[in-house]
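Comments concern the structure below.
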Amino acid sequence: MNLHEYQGKQLFRQQGIPVPEGRLLQQAEQLPQAATELGGGRWVLKAQVHAGGRGKGGGVLVSSSLEELEAGARRILAQPLVTPQTGADGLPVSALLLEPACAIQRELYLGLLLDRAAERLLVMASAAGGMSIEEVAAKTPEQIHSLHIDPVVGVQPDQGRELAFALGLEGDQIKQFGQMLSRLYALYVAEDASLVEINPLVVTQSGDLLALDAKINLDDNAAFRHPQRAQWRDLSQEDAREAQAAEHELNYISLDGNIGCMVNGAGLAMATMDLVKLHGGLPANFLDVGGGTTAARVAEAFKLILSDSQVKAVLVNIFGGIVRCDLIAEGIISAIKEVGIQIPVVVRLEGTRAAEGLAMLNASGLALETASDLTQAAQRVVAAAGGAA
Ligand code: ADP
Ligand code: MG
């Protein structure tokens with residue numbers, strides 16, 4: 001799951017990573033008082049959404065006029081924010097972070113993420129931080145310095161110094177950077193993160209380091225170790241169908257196509273999507289209903305797939321290894337009766353008691369097409385959805 005910037009900064013603060021003081025606003029009217037409390041004569045107002053690129057998308061406003069900021073707050077809260085990292089629909093904004101504007105000397109980048117190939121955490125740092133770091137990474141990757149952390153010993157002091165020199169830091173900044181890197185690493189490990197990013201990490205006019213942005217992704221596989229995370233979750237920022245799927249322990253990811261896919265097993269689900277594409281179709285989703293599929297889960301899965309109005313046909317591909325295909329067929333039949341499907345459904349069953357399952361589907365009187373091999377199933381569902389894209 002992703003955190004908002006203000007939540008990330010709270011974690012930074014707890015860990016001793018310097019961040020600006022801030023106030024969270026839900027309404028524009030709260031702005032003048034919050035600004036007065038923060039003091040200073042210039043402020044930054046920042047939309048809280050689970051996406052970067054806010055600066056480029058009009059979600060970050062710097063001003064010394066309270067009237068201008070209050071009007072800006074009203075405007076940003078009124079509609080979804082579209083940035084280069086959101087889709088065209090944008091993300092709803094229900095909170096704003098107000099901070100004193102910091103006098104910036106330089107904008108750096110510092111990030112920590114898992115390098116799966118190396119089986120280590122990777123630190124990345126660049127002197128070319130700020131709003132165009134993606135462009136820097138694409139066009140001048142030599143401007144990004146990186147090194148791995150040995151999990152046995154953690155961040156070593158010379159690693160902090162090496163990066164600090166590469167960033168052109170000097171004097172006390174080198175010490176501050178080393179401390180910041182160690183604390184960032186400690187936070188990453190303690191929170192079971194999968195990405196922690198400070199962009200920009202600024203050198204202020206007075207020469208100190210300050211984290212002006214915070215991006216944190218947490219590893220969902222470790223959620224059971226962090227019960228406090230539940231309160232950080234903001235469902236308004238997540239795909240509604242993906243959130244609904246998570247509630248039913250279904251592995252679902254929305255895609256852009258028109259063929260709904262319901263499959264057991266993640267590997268088979270990916271192979272199924274490949275085959276649909278091979279035959280000219282476009283999957284509307286990835287969906288793994290899991291190994292021990294039940295009729296109830298099949299019904300939930302159907303509801304989920306059909307709640308996407310783009311879906312023109314559904315492909316059910318179940319391999320009965322542990323589960324019995326006749327039980328799955330029973331589930332499919334009751335699910336279709338319950339949900340009332342109006343579009344073509346192609347079902348491929350293979351494995352334990354597949355013949356019995358297919359016979360039940362054929363005898364059900366429901367408008368289902370059955371197939372016994374995957375190629376045929378893919379061809380049929382592509383045709384049913386209106387032919388190759
Ligand atoms: P995003 O990454 O979504 O664009 P950032 O938080 O990085 O949002 O803000 C974009 C830019 O706004 C920063 O690169 C920085 O120049 C400026 N900025 C952000 N916070 C402050 C602040 N507190 N004071 C001064 N400038 C800021
Ligand atoms: Mg940023």
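Each value in this text was obtained by applying a stated rule to the coordinates, not by laboratory testing. What you see is a predicted model, and the numbers here were worked out from it, not measured in a lab. Note that we place each Cβ from the backbone using ideal geometry, even for glycine, and neighbour counts take in every protein chain shown.
Structure notes:
- HN-Hα J in Hz across the stretch 5-20 - Karplus 6.51, -1.76, 1.60, θ = phi - 60°, x for Gly and Pro: 4, 5, 6, x, 5, 4, 5, 4, 4, 4, 8, x, 8, x, 9, x
- Total formal charge among the other residues, if their Cβ is under 13 angstrom from that of Phe286, Lys/Arg +1 and Asp/Glu -1: -4
- If you count Lys pairs in the chain whose Cα atoms are under 27 Å apart, skipping same-chain pairs closer than 8 places in sequence, the total is 15.
- Net charge over other residues, Cβ less than 14 angstrom from the Cβ of Glu356 (K, R count +1; D, E count -1): -1
- Charge dipole (debye, nearest 20) of the chain; +1 at Cβ of Lys and Arg, -1 at Cβ of Asp and Glu: 300 debye
- Here the stretch 236-353 is treated with +1 on each Lys and Arg Cβ and -1 on each Asp and Glu Cβ, and its dipole about the Cα centre works out to around 420 debye.
- Dipole-positive endmost among Gln205, Leu96, Ile336 within the chain (Cβ charges, Cα centre): Ile336
- Helix-derived mean residue ellipticity, 222 nm - over the chain, DSSP H n ≥ 4, -39500 (n - 2.57), to 500: -11000 deg cm²/dmol
- What the Cα convex hull of the stretch 65-113 gives, in volume per residue, is 144 Å³.
- Cα shape, the stretch 252-389, gyration tensor, a/c 1.5 rule: rounded
- Sum of side-chain charges, Gly365 neighbourhood, beta-carbon under 15 Å (Lys, Arg +1; Asp, Glu -1): -1
- Here the 3J(HN,Hα) profile of the stretch 303-317, calculated from phi with Karplus coefficients 6.51, -1.76 and 1.60 at θ = phi - 60°, is 4, 4, 4, 6, 6, 8, 5, 6, 5, 10, 7, 10, 10, 9, 10 Hz, Gly and Pro shown as x.
- Calculated FRET efficiency, Thr204 to Asp308, Cβ-Cβ distance, R0 = 41 Å: about 0.30 to the nearest 0.05.
- Rounded if a/c under 1.5, otherwise prolate or oblate - the chain, Cα gyration tensor axes: prolate
- Magnitude of the charge dipole for the stretch 298-389, about its Cα centre and with charges confined to Cβ atoms of Lys, Arg (+1) and Asp, Glu (-1), is about 120 debye.
- The separation of the stretch 318-389 from the stretch 128-142, counted between C-alpha centres, amounts to 49 Å.
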